[in-house]
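Novice: Handing you this structure, nothing more for now.
The values are calculated or read from the model by the stated rules, or taken from the named source; none is laboratory data. Everything quoted here is computed from the prediction, not taken from an experiment. Note: accessible area is taken over every heavy atom of the protein model, side chains too, but ligands, DNA and RNA are not part of it. Shrake-Rupley method; radii C 1.70, N 1.55, O 1.52, S 1.80 Å.
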Amino acid sequence: MFEVKEYMETCNNSEFYQYMGRFFAERIFRKELPYLINDCDKIWYLFFDQKELAAFCGVVMNQNGTTFTDFYVLPSYRNQNNMTYIARYMTEMYESERIRILTNSKEEMELWSSLGYVESGTKGSYTTFVHGELECV
């Protein structure tokens, strides 16, 4: 369905910024993605339809698990089938990890819930979801 490109260590990657630069710079995207940041240790998955960017997702891995950040589908591709496909793709990529989702989008919350993610708390205006059963700590 989509061609997927993985980008690691993107701080000085001109190919990565060729596709993603406008999302970090343009005001219209700053309103929709106010906390979009590229850290050098973040892994990015860019989803292409032909050669056109359709969606992206950032992944941060640390001692607390794997967090999907910056899940974004461009408006012309924003339908349930595409969003579900991308969310499932990302879940399958990291199925052996403890996956967390951080989102403030009602549409994304419904999507992740439908895929078996469970609300586990909040961080500011964002809701955190984990995949599967909540663990008692």
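Novice: Could you tell me what percent of the accessible area of the chain is made up of carbon and sulfur, with a 1.4 Å probe and every protein chain present?
Specialist: 47
Novice: Still on this structure, please answer the following. Using alpha-carbon pairs under 8 Å, 6+ residues apart, how would you state the relative contact order of the stretch 60-131 in percent? Numbers along the way, then the final one.
Specialist: On the way: 77 pairs, mean separation 21.5, N = 72.
In percent, rounded to a whole number, it is 30.
Novice: Find the percent of Cα-Cα distances in the chain that exceed 24 Å, and round it to a whole number. Write down the numbers at each step before the final one.
Specialist: Numbers: 2482 of 9316 pairs.
Pairs farther apart than 24 Å: 27 percent.
Novice: Moving on to the next point. By the gyration tensor of its Cα atoms, with a ≥ b ≥ c the square roots of the eigenvalues, what is the shape of the stretch 1-80: rounded for a/c under 1.5, prolate for a/b over b/c, or oblate?
Specialist: It is rounded, given that a/c, with a ≥ b ≥ c, falls under 1.5.
Novice: Here is a follow-up. Quick one: how many lysine pairs does the chain have with C-alpha atoms less than 26 Å apart and a gap of 8 or more or different chains? Give me the count, please.
Specialist: Close lysine pairs found across the chain: 11.
Novice: Taking 8 Å as the Cα distance limit and 6 or more residues as the minimum spacing, I'd like the relative contact order of the stretch 24-91 as a percentage. Show your work: numbers first, answer last.
Specialist: Values: 65 pairs, mean separation 13.4, N = 68.
Across the stretch 24-91, relative contact order equals 20 percent.
Novice: Report residue 9's accessible area, 1.4 Å probe, all protein chains in place, as a number in Å² to the nearest 10.
Specialist: 150
Novice: Could I ask something else about it? Relative contact order, percent, of the chain when contacts are C-alpha pairs under 8 Å separated by at least 6 residues?
Specialist: 16
Novice: Given the options 69, 122, 91, state which has the largest fluctuation in a GNM of the chain using a 10 Å cut-off (strictly under) for Cα springs.
Specialist: Per the Cα network of the chain with a 10 Å cutoff, 122 tops the list.
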